[in-house]
Amino acid sequence: MRYIPNSPEERAEMLASIGLSSHDELFRSIPADIRMNRALNITEPLAESQVIGAMESMAAKNTAATMPSFLGAGVYSHFSPTIVDHLIQRSEFFTSYTPYQPEISQGTLQYIFEFQTLICQLTGMEVANASMYDGSTAMAEAYLMAQRVTRREKIVVADTVHPEYREVARTYTQHGDLEIVTAPFDEKTGTISDLSSLDDKTAALVVQSPNFFGCIEDLRSLADKAHSVGALLIVVVTEAISFGVLRSPGACGADIVVGEGQSFGVPMSFGGPHVGLFATQDKYVRQMPGRLCGVAYDKNGNRGFVLTLSTREQHIRREKATSNICTNQGLIALAATIYMETMGKKGLQEVAVQNAQKAAYAAKKIAEIDGFEIAFSAPKFNEFVVRGPRPAEEILAGLREQGIIGGLALSKYYPDREKDFLVCVTETNSREQLDGLIKNLKSVL
Amino acid sequence: MSNIPENLRYSKDHEWIKVESDEATIGITDWAQNSLGDVVYVDMPRVGDSFGTHEAFGSVESVKAVSEIFTPVAGKVTAVNEGLNDTPEVVNSDPYDAGWMVKIKMDNPGEADAMLSAEEYDEYLSSIG
């Protein structure tokens, strides 16, 4: 939105043209007793230099940004090439609004098409939409889609799916007919184990891989088990960099893949805005939420991009729409697209391997410290759960005093896991940072 | 001129039905397919679903629009035309035969008698211009 300043004279002129003498008169229709009759409690106007000074001193309080951090758990610190930030600031891309008019939106539609293509390639699926708000709302939409496809109303979700994703999905679907059942995980492996709640009433089995504990789930066998009762397999991916080394969910038999694309060049930004990924198989495309961009040819054979299958969407179908998601996180999806295209296949593989190797090094070294162990035995990507000799909150507080953000205490989400904390290692953590973490873990004992 | 076979019954929503004892075959009329334009997708119910009179049981999507299809009679779906999944265009080319959509076992077979005859439907079409 443009900033349009107006002078007291201009305001008086505008009021006069509608026959009013003061701006109080403009608000006459609001009853006096619910009007606020005092000035807003904010500071006096400041000069631009003072505003910049105030913002800088506020930003300087964010010491976490300069501390070595091993926090992951759904939001990841990755290096973003400068080109990403540079290109998304081109003014042509400023609006994320639905490009209904292809004749004036070819640039936007083309990057959406490229985004969808790349997400299909990474997830191993046949069709992807133009993105969702974030991973958690994408997961909630996947629940609803599975309900539409199977006409069943039970969702079996692994206890190893990000607890906040599950909370969002519960909130999102709470007024519908869905019954949501949680499937427990194996204490030893850290992966989903007990599928006894999966039955022929189940619309979908929902698993995250790598899961909230960083463990890689056996998607192929989970797909077989879901399909054997006629349920869909929904795979959730919160760490998109893992696509660079793991077999794609599509190749393992997933029916719907949802995830968070923040790792692709998008700043952590205190948890948002990020970008949700949503991909499925061609046969389910009409049940897929969100907008979809397709390639088309005009009568002269020129290639162009247009919104496709809009009949699923609310601007055409109103209350009968497949979902009420029509807009996406356009600018963030653009950032993710530029990131993916900059990194390329090789670059993404390389950064994924770096993550896995650095995490494996850290896990190995931490397990060697007396009193510490790696909690789960399943293969991992760039996150793992450490079990310490004392409550994790205490250990992490000790690390913070040494200027290190050591990870996330699991007791926040799993109250019985007092000694467990989740450690994430990415390509942004240097060897010195890793060794610093290990050294300080020894000394906080 | 629309093709309006004599042996069928019609609704003002432009569905036709063909009654054989208590089973009704339902589709959309030649006038309806012509108004919709090229049909690209037909969304149909599943066998076993039940519908009340004038309830929407699916939708027809053309390159121009999406329209709901209503059952003129109450009952339970006994068959759907699976062929339309692959060749929805037969709704355009052959609306009264290969383009049929569902078969419904009628709760009240008398309901069909209240529908328009071919002659009445033709008059109705003239009246709506």
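Every number in this text was worked out from the coordinates using simple rules, so none of it is lab data. All values reported here derive from a predicted model rather than from experimental measurement. Every residue, glycine as well, gets a Cβ built from its backbone with ideal geometry; the counts of neighbours run over all protein chains shown.
Things to note:
- Of A:Pro163, A:Ala140, A:Leu331, farthest towards positive along the dipole that unit charges on Lys, Arg, Asp, Glu beta carbons give chain A: A:Ala140
- Those trypsin sites (Lys or Arg not before Pro) in segment B:8-69 that DSSP places in a loop and that have at most 15 other beta carbons within 10 Å: B:Lys12, B:Arg46, B:Lys64
- Taking only alpha carbon atoms, segment A:13-156 gives an Rg to Rh ratio of 1.11, where Rh is the Kirkwood radius.
- Pairs of alpha carbons in segment A:82-339 whose separation is greater than 29 Å (percent): 28 percent
- Using Cβ point charges alone (K and R +1, D and E -1), the dipole size of the protein assembly as shown about the Cα centre works out to roughly 2100 debye.
- In order along segment A:61-76, phi translates into HN-Hα couplings of 6, 7, 5, 4, 5, 9, 8, x, 10, 10, 8, x, 6, x, 10, 10 Hz, rounded to whole numbers, per the Karplus curve 6.51 cos²θ - 1.76 cosθ + 1.60 with θ = phi - 60° and x for Gly and Pro.
- Overall dimensions of the protein assembly as shown by Cα: Rg and Dmax, Å: 29.6, 94
- Each of A:Val149, A:Val237 has some number of other Cβ atoms within 10 Å of its Cβ, and from fewest to most they run A:Val149, A:Val237.
- Loop-located GluC sites (Glu not before Pro) in segment B:40-125, at most 11 other Cβ atoms within 10 Å (DSSP): B:Glu82
- Legend: ranking of residues A:Met268, A:Met14, B:Met106 from fewest to most surrounding C-beta atoms inside 10 Å; resulting order A:Met14, A:Met268, B:Met106.
- Here the 3J(HN,Hα) profile of segment A:169-183, calculated from phi with Karplus coefficients 6.51, -1.76 and 1.60 at θ = phi - 60°, is 5, 5, 4, 5, 10, 4, 9, x, 9, 5, 10, 10, 10, 9, 9 Hz, Gly and Pro shown as x.
- Within the same chain, aspartates and glutamates fewer than 8 places from A:Lys442 are excluded, and of the rest, those with a Cα less than 18 Å from its Cα are A:Glu368, A:Asp370, A:Glu373, A:Glu393, A:Glu394, A:Glu401, A:Asp420, A:Glu432.
- The count of lysine pairs in chain B that are at least 8 places apart or cross chains, and whose C-alpha atoms lie under 26 Å apart, stands at 9.
- Shielding of A:310-322 by partner chains, average beta-carbon count, 10 Å: 2
- For segment A:154-198, GluC sites (Glu not before Pro) are listed when DSSP marks them as loop and at most 16 other Cβ atoms sit within 10 Å of their Cβ; the list is A:Glu187.
- With semi-axes defined as the square roots of five times the eigenvalues of the C-alpha gyration tensor, the equivalent ellipsoid of segment A:271-401 measures 45, 20, 14 Å, largest first.
- Fraction in percent of alpha-carbon pairs per bin - 5 Å, chain B: 2, 12, 24, 25, 21, 13, 4, 0
- Computed from label points 7 Å out along Cα-Cβ, the spacing between A:His23 and A:Arg431 is 6.2 nm.
- Enclosed volume per residue, in Å³, of the convex hull spanned by Cα atoms of segment A:203-292: 114 Å³
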